[in-house]
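Structure first, commentary second.
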Ligand SMILES: Cc1cc2nc3c(=O)[nH]c(=O)nc-3n(C[C@H](O)[C@H](O)[C@H](O)COP(=O)(O)OP(=O)(O)OC[C@H]3O[C@@H](n4cnc5c(N)ncnc54)[C@H](O)[C@@H]3O)c2cc1C
């Protein structure tokens, strides 16, 4: 008998979600994290004496069904809503949209009356599209190449849902999926400031500008996982999400081991039979699930010769090219932002003043350089959660895009750019910085095994989504190696801390005939 039913490699949100569901279904589960801390990209760590920050995410929201199923509130999860988004504009102007749509329309009326009248209708259209995506995200994608009766039924259910919107809305929703976010916003709105802000979630995490086709899909993806404009975090930082998931997994009997070192998957006759750690220790398991992205899994965790050349080629063709840098500033006091209300500092701050400027921020990235006017998002998590810094001191977390992987970027230049950009609005910022942490795409690759430093295990483009993620023919969490599965953001439905890929992967494992686990225990 093997020691474990399932060994999971990696410990980010999807790994821990899969672990919790599988343990709840009665499996003996072991999670192995190679670094010292459970949580992966969802970890919150100390970056300066007494200051803690999220190492990857600046926000994130687990799927509400997972929170309910795993009773994560009982395991300490306390979500914090960031229910405003503020656009910082040239000449120290700015506006703040609240999550409440009528109140937001009222704010827009102040500077763009025609657009105010359309805001509610626009958001309702996005709701319809993300509702459709939500139902596609809640299950493993159908096998498109050789669909079974169940796959065909699943596809028909989606089509039925779409048809239920009525002919006009159905057409609109289908157009959205392939449109550029610029074309979408130009159709709906006139005001450049508003369009810049609304476009930002269409390019977030993507190495494309808003003029690129398919960027509306990236916007819809962020809306579907509840992380587009009105975002969330947790008390204690994003790391509290992984702590709650870890506690739920452990409560169901899963074992978690951090500091395990780099793993390799043991494959015998095309079947995964366990894991070998860098120390030489071997752990036998009936199956192995990798939370790592497809490139890392199929080049570092198993030997490419175990795989067919066609599969290796498909993996080599996955588009990564990460271009987000994260900068955390330890501040000895609160920065003073001009032109916006104090309350707005509790929400998300965005510098994306127009569609053109967002596209120009991307232009240089095509050739490996960084714009002088990058797209920046920032938040001050210590306002809602003072435990992250010493008394009366603060953390400013910054997302800087585009900082392309294919460039030997100087971290000081990136922090300087971020400071320059934000100091336009917060003139005292430079003088209150105690410590700066810069994490670039190359750091994410070296320290966190994220290929080309990509946040989502591969770009969230339509060519890498649904039944094409991570590669055509293997979108259902299975791999060409029997008993080796994937569960991370590299798989459907992609990036973000929703946990849905982990839940779907657990469901797939349990659906396999040989697992003998009841599916009811997973759903
Ligand atoms: C810089 C950055 C910013 C992000 N911002 C957001 C956001 O704002 N909102 C959102 O919803 N999602 C965001 N994401 C994406 C989100 O973190 C992942 O999609 C989510 O964590 C999915 O987790 P996963 O289980 O698929 O594994 P991944 O997070 O893809 O990680 C795979 C494995 O790599 C290793 N690993 C990854 N990161 C680290 C790390 N920091 N330290 C040590 N090991 C690591 C772990 O072993 C982990 O199991 C961001 C990711 C990064 C890297």
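Some values worked out for this structure:
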| quantity | calculated |
| --- | --- |
| Flag if residue 439 is in contact (Cβ under 8 Å) with a residue 12 or more places away in the chain and either under 30 Å from residue 178 (Cβ atoms) or more than 16 Å from the ligand (Cβ to nearest atom) (or both) | no |
| Of residues in the range 263-282 being within 16 Å of the ligand (Cβ to nearest atom) and modelled with pLDDT of 95 or more, the one nearest to residue 479 (Cα to Cα) | 265 |
| Strands (runs of 3 or more DSSP E) wholly inside the range 39-151 that include at least 3 residues being within 16 Å of the ligand (Cβ to nearest atom) and crowded, with 22+ Cβ neighbours inside 10 Å | 51-54 |
| Residue ID - modelled with the lowest pLDDT, chosen from residues in the range 442-472 that are within 16 Å of the ligand (Cβ to nearest atom) and surrounded by fewer than 20 Cβ atoms within 10 Å (Cβ to Cβ) | 447 |
| Matching entry among 212, 192, 201 (being within 16 Å of the ligand (Cβ to nearest atom) and in contact (Cβ under 8 Å) with a residue 24 or more places away in the chain) | 201 |
| Test: residue in the range 251-268 that is in contact with a helix residue (DSSP H, G or I) (Cβ under 9 Å, 6 or more places away or on another chain), in a helix (DSSP H, G or I) and surrounded by fewer than 18 Cβ atoms within 10 Å (Cβ to Cβ) | yes |
| Qualifying residue in the range 410-422 (condition: over 25 Å from residue 180 (Cβ atoms), within 23 Å of the chain's Cα centre (by Cα), touching a residue at least 40 places away in the same chain (Cβ under 8 Å) and assigned to a loop (DSSP other than H, G, I, E, B)) | no |
| Among the residues listed as 352, 389, the single one being buried (at least 24 other Cβ atoms within 10 Å of the Cβ) and in contact with a helix residue (DSSP H, G or I) (Cβ under 7 Å, 6 or more places away or on another chain) | 352 |
| Out of 56, 50, sole residue that is on the phi > 0 side of the Ramachandran plot and in contact with a strand residue (DSSP E or B) (Cβ under 9 Å, 6 or more places away or on another chain) | 50 |
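Here is a yes/no grid of residues against (1) under 19 Å from the mean Cα position of the chain (by Cα); (2) assigned to a loop (DSSP other than H, G, I, E, B):
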| residue | (1), (2) |
| --- | --- |
| 434 | no, no |
| 458 | yes, yes |
| 463 | yes, no |
| 467 | yes, no |
| 475 | yes, yes |
| 488 | yes, yes |
| 498 | yes, yes |
| 503 | yes, no |
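The values are calculated or read from the model by the stated rules, or taken from the named source; none is laboratory data. Everything quoted here is computed from the prediction, not taken from an experiment. Using ideal geometry, Cβ is built from the backbone for each residue, glycine included, and neighbour counts are taken over all protein chains shown.
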